Each structure stands twice: as C-alpha cells, then as structure tokens.
Amino acid sequence: MTFPIVSRTVLAVLATVLLAACATPMKMPVAKDTPAVDVSSKSLLLMTLRMSHDAKPSITPFPRVAHVEKPGAKNQEDRLNFMFDADATSVGPDGEDYLVRVDLEPGQYSFHGFSGGGGMAIFPGYFALPILADIKVEPNTVVYLGRIEARTRERVGNEFRAGPVAPLLDQAVTGWSTSTWEVEVRDAYESDLARFRTQFPALAETEVRKQVLPAFDREKTQKWWEAQ
C-alpha cells in the first residue's frame, strides 16, 4: 500500500503518537483560566524547556509530550504522557520557552523526557529528548524542577540519536537521526517563576518549593539508548 505525498504530515503526527502509544495520555494541569491550584491529592511540578535544533538550524523543534514513568514501568498505567497545550508556550524578552506542568501523586518517578516533531515541507520529522531524572514527589506541594536547555549537534560515532532512524528519508533530511542532544539543567527559579505566575494567575500567591533536577547524565542516557 502506498501513500500520497500529501499524507506525509499526517504520518509524522501519527509517528509521534506511536512513541506514546503504550502510555496514559494526560492533560497538563493548571490553565490560564484555572481559578486556584489544588494539591490535595496530587502535587504540582513545574519546569521550563527551551530547545534548538542547532544541527539543522532551519528546523524548529516543537515538543508535544512530556513523559513520566513509575519505577520499573511495565504497563500503560505506569507511563504518563502529559500533552503540551497552547498555554505551555511563553514568549519573553529572551526568546520562547515552554512552561511544563505535571501533577503526580506522592511517590518515586522518572522524568523520562520529551518527544515532538519538527520538519520541512514534505519532510516531517520527529525527535525524542531523554532526561531520565529520578524525582521524589512529596504530598501537597508545588515544586519547581528547573530549566532544561537542549540543543542538537551532529552525532559522533555511536552517540545516542536525537530522533529515531525511521522513516529513513524524513529523519535524515530533517537531521534528527543524524544528530544527538546536548542538555543542561539550570536553576532559573526567579525568572521562571515570574513567567509561570504571569501565564497562570492561579500561581500568583502559591508557595513554590525548589527541587532542581540533577545534572543531565550522558553516560546513563547512552546506556539506556543502547539497551532499547
């Protein structure tokens, strides 16, 4: 069975969805019109994300899913996919960031990473950005996890790829399969929190604790990637 060229964009979207097929889709909590933050049953985790495809500067990456997993995840209920929404985009004086919101019951989790897409004309592409950071969620809290800045570069040797190999042509032309990620986790509590409170008035008077994720572990990520 063959597909017309006009269907390639649709196929790219489906491919991104397939990355998350074995997980539970979730809406990001707290919207611009949310009247108040409720952490009675689930705690709220906040972080900012900035991405660039430096290996292919003409292409802009668009994150679509934030992936969270319970330890030893074995089924759909153990894998939570928080879908990016229009409220997640924040444009400030220093560029565009994504305001990530995740609500979780108390316990241990892995903030697994992000997936999304970015392509050109008839060549859609999609990426996977692994973070693999362990987090402990305390009850009844709002927590800032930090700022993640990720950029691609051309991969060397067997370095983990920024995106899957297939579909071969699309992924090669868009540079996702031929590049890797450089990731920095920063503490930008004051500036990030100001953005969240501007975007989400419900957070204006909310106490937000700081629990910045550990530094990106490239060796751990490489071993995880090779085991897939």
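Dipole magnitude of the chain about its Cα centre, charges +1 at Lys/Arg Cβ and -1 at Asp/Glu Cβ only, in debye to the nearest 20?
It works out to roughly 440 debye.
Is there a quick way to get the dipole size of segment 73-125? I mean about its Cα centre, with the Cβ of Lys and Arg at +1 and of Asp and Glu at -1; what is the value in debye to the nearest 20?
260 debye
Which longest uninterrupted range of the chain lacks any GluC sites (Glu not before Pro) assigned by DSSP to a loop state (not H, G, I, E or B) and surrounded by at most 12 other Cβ atoms within 10 Å?
1-204
D for segment 68-129, whole µm²/s, Stokes-Einstein with Kirkwood Rh over alpha-carbon pairs at 20 °C and 1.002 mPa s: what number?
In µm²/s, the coefficient is 151.
With unit charges on the beta carbons (Lys and Arg positive, Asp and Glu negative) and the dipole taken about the Cα centre of the chain, which residue among 52, 174, 102 sits farthest to the positive side?
Going by the charge dipole, the pick is 174.
Could you sort out which of 42/223; 136/220; 42/220; 27/74; 70/220; 136/223 sit more than 26 Å apart by Cα distance in this structure?
Table pairs above 26 Å Cα-Cα are 42/223; 42/220.
Can you compute 3J(HN,Hα) from phi for each residue in segment 190-199, using the Karplus curve 6.51 cos²θ - 1.76 cosθ + 1.60 with θ = phi - 60°, rounded to whole Hz and x for Gly and Pro?
5, 5, 5, 5, 4, 5, 4, 6, 6, 6
Would you pull out the residues with amide H under 5 Å of residue 179's amide H, same chain only if 5 or more places away, H placed 1.01 Å from N?
155, 162, 163
Using a 1.4 Å probe, what is the accessible area per residue for segment 155-208, in Å²?
46 Å²
With every protein chain present, what accessible area does residue 176 have (1.4 Å probe, heavy atoms only), rounded to the nearest 10 Å²?
We get 0 Å² for residue 176.
Suppose we keep just the DSSP beta bridges with both residues in the chain; what percent of those would be antiparallel, to 5?
If I count the DSSP bridges inside the chain, around 75 percent turn out antiparallel.
Output wanted: per-residue J couplings in Hz (rounded whole) for segment 95-103, from phi through Karplus 6.51 cos²θ - 1.76 cosθ + 1.60, θ = phi - 60°, x for Gly and Pro.
Karplus values, whole Hz, x for Gly and Pro: x, 9, 10, 10, 9, 8, 10, 9, 10.
Using the Cβ atoms and a cut-off under 11 Å, what net charge is assigned to the surroundings of residue 153, where Lys and Arg are +1 and Asp and Glu are -1?
Charge balance near residue 153 sits at -1.
Taking the Cα atoms of the chain, report the difference between the largest and smallest coordinate on each principal axis, in whole Å and largest first.
Each principal axis gives a Cα extent; for the chain these are 52, 37, 34 Å.
Spelling out what I want: for every residue of segment 166-179, take phi, set θ = phi - 60°, compute 6.51 cos²θ - 1.76 cosθ + 1.60 (Karplus), and round to whole Hz; glycine and proline get x.
The phi angles translate into 9, x, 3, 5, 4, 5, 6, 5, 7, x, 6, 7, 9, 10 Hz.
Between segment 29-93 and segment 165-228, how far is it from one alpha carbon centroid to the other, in angstrom?
9 Å
Assign unit charges at the C-beta atoms only (+1 for Lys and Arg, -1 for Asp and Glu), then state the dipole size of segment 53-174 relative to its Cα centre in Debye, rounded to the nearest 20.
380 debye
What is the percent carbon and sulfur in the accessible area of segment 89-228, measuring with a 1.4 Å probe over the protein chains and ignoring ligands?
Here it works out to 54 percent.
Averaging sequence separations of C-alpha pairs under 8 Å and six or more residues apart, then dividing by the length of the chain, give the relative contact order as a whole percent.
24 percent
Under 10 Å, Cα contacts only: if you run a Gaussian network model on the chain, which one of 106, 63, 124 comes out with the highest mean-square fluctuation?
Its mean-square fluctuation being the largest, the pick is 106.
GNM on the chain, C-alpha springs below 10 Å: top fluctuator among 168, 44, 132?
Residue with maximal mean-square fluctuation among 168, 44, 132: 168.
The values are calculated or read from the model by the stated rules, or taken from the named source; none is laboratory data. Quick caveat, the model's predicted, so the values are computed rather than measured. Quick reminder, even Gly has a Cβ in these numbers, built from the backbone with ideal geometry, and neighbours come from all protein chains shown. Accessible surface is based on the protein model in full, side chains and every heavy atom, while ligands, DNA and RNA are left aside. Shrake-Rupley method; radii C 1.70, N 1.55, O 1.52, S 1.80 Å.
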